[in-house]
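Single-structure report; data block below.
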Amino acid sequence: MKRRMLVAGNWKMNGVAADLAEVAAIADAARDHAGVDAALCLPATLIERATCAAPGFAIGGQDVHQAPSGAHTGCVSAAMLIDAGATLTIVGHSERRDEQCETDGQVRAKAEAAVGAGLAVILCVGESETVRESGSAVATVAAQLDASLPSENHRRLAVAYEPIWAIGTGKVPSTADIAEMHAALRERLVAAYGEVGQGVRILYGGSVKASNAAEIFAISDVDGALVGGASLKAADFIPIIVAGERASPRTST
Ligand code: PGA
């Protein structure tokens, strides 16, 4: 099945009003490279202003609460993200699984709340260095995906494979290891959703840069990237969007 590439940036806890010029520059470039989907997942405080600075460009959140509203100090609901202009959100990033002790069950509930409300979702999974070294990365990440997937696909889901040891470190798994993991995740998606699972994009994340993007995008079953550090500046992120478009003879399905 042909899948359109998705290149999404994750600004994490970075970005203030002065950085909106980068958002606008990235959105401008994305308009010129319409063969690929591009998006930026921003701090909640910037989402509304970013949608004004970059009209029509996909702006997302980095997390969402599973409840529609209520006594959850500091949290943001799917309806709030949509109200601010977001069209997507990340769930289950390893930094939240780690720092906020999020479980697979919570990640699944968040994904269900988000897709149910109409947001596209990038659901993150990935193994630690210890698990990779123990030889059980594929089994561990496949089990994590099984336990985190929303029960219905809603066709708005993407999965991001992000080895924790590759995030922000400059280390990237071998091509063979990425291909093996993505093939295993594809199998789990098809087991969960049937043929619809073939249409779910599987992104790679972890130290993606302009210099390695083309090589990563050429790997089978890699349908794009989730990019942290290299998404903060237009000059770093735009070449990754361009590489995504080049790797995308796979036109929209
Ligand atoms: P990185 O982060 O590109 O800075 O490694 C990726 C991520 O955590 O999504």
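Does S77 qualify as being open to solvent by less than 30 Å² (accessible area, probe 1.4 Å) and touching a Cys at 6+ places or on another chain (Cβ under 8 Å)? Spell out the reasoning first.
Details: open to solvent by less than 30 Å² (accessible area, probe 1.4 Å): yes; touching a Cys at 6+ places or on another chain (Cβ under 8 Å): no.
No, not satisfied.
Going through V159, V222 one at a time, which residue ends up being within 16 Å of the ligand (Cβ to nearest atom) and part of a loop (DSSP other than H, G, I, E, B)?
Values: V159 fails: part of a loop (DSSP other than H, G, I, E, B).
Only one candidate qualifies: V222.
Given the condition within 16 Å of the ligand (Cβ to nearest atom), part of a helix (DSSP H, G or I) and in contact (Cβ under 8 Å) with a residue 40 or more places away in the chain, answer yes or no: does some residue in region 192-212 qualify?
Step one: filter region 192-212 for residues within 16 Å of the ligand (Cβ to nearest atom), giving 201-212.
Remaining after also requiring part of a helix (DSSP H, G or I): 210-212.
Subset that is in contact (Cβ under 8 Å) with a residue 40 or more places away in the chain: 212.
Within region 192-212 (the criterion being within 16 Å of the ligand (Cβ to nearest atom), part of a helix (DSSP H, G or I) and in contact (Cβ under 8 Å) with a residue 40 or more places away in the chain), the answer is yes, since at least one residue qualifies.
Is it the case that some residue within region 37-56 is closer than 16 Å to V125 by Cα and not basic (K, R)?
Taking region 37-56 first, the residues closer than 16 Å to V125 by Cα are none.
Taking every residue of region 37-56 in turn, none turns out to be closer than 16 Å to V125 by Cα and not basic (K, R).
Looking only at region 162-191, how many residues end up being hydrophobic (A, V, I, L, M, F, W, C), under 21 Å from R108 (Cβ atoms) and more than 15 Å from the ligand (Cβ to nearest atom)?
So in region 162-191, the residues hydrophobic (A, V, I, L, M, F, W, C) come out as 164-167, 172, 176, 178-179, 181, 183-185, 189-191.
Next cut, under 21 Å from R108 (Cβ atoms) only: 164, 181, 184-185, 189-191.
Restricting the remaining residues to those that are more than 15 Å from the ligand (Cβ to nearest atom) gives 181, 184-185, 189-191.
Of the residues in region 162-191, 6 are hydrophobic (A, V, I, L, M, F, W, C), under 21 Å from R108 (Cβ atoms) and more than 15 Å from the ligand (Cβ to nearest atom).
Checking A34 against (1) in a helix (DSSP H, G or I); (2) farther than 18 Å from G228 by Cβ, only one condition comes out false. Which one?
It is condition (1) that A34 fails.
Just give me the residues in region 56-71 being within 21 Å of L40 (Cα to Cα) and open to solvent by less than 70 Å² (accessible area, probe 1.4 Å), in sequence order.
So in region 56-71, the residues within 21 Å of L40 (Cα to Cα) come out as 56-65.
The answer is F57, A58, I59, G60, G61, Q62, D63, V64, H65.
May I ask you to list the residues in region 225-240 that are part of a helix (DSSP H, G or I) and within 9 Å of the ligand (Cβ to nearest atom)? Quick ask: steps written out before the conclusion?
Initial filter on region 225-240 (part of a helix (DSSP H, G or I)): 229-231, 234-240.
Across region 225-240, the qualifying residues are G229, A230, S231.
Which residue is farthest from Y161 (Cα to Cα), if the candidates are limited to region 80-121 and must be in a helix (DSSP H, G or I) and within 16 Å of the ligand (Cβ to nearest atom)?
Ranking the candidates gives E99 first.
The values are calculated or read from the model by the stated rules, or taken from the named source; none is laboratory data. All figures in this text were calculated on a predicted structure; none of them were measured in a lab. Neighbour counts run over all protein chains shown; Cβ positions are idealised from the backbone, glycine included. Just so you know, the surface numbers come from the protein's heavy atoms only, side chains and all, with ligands and any DNA or RNA stripped out. Shrake-Rupley method; radii C 1.70, N 1.55, O 1.52, S 1.80 Å.
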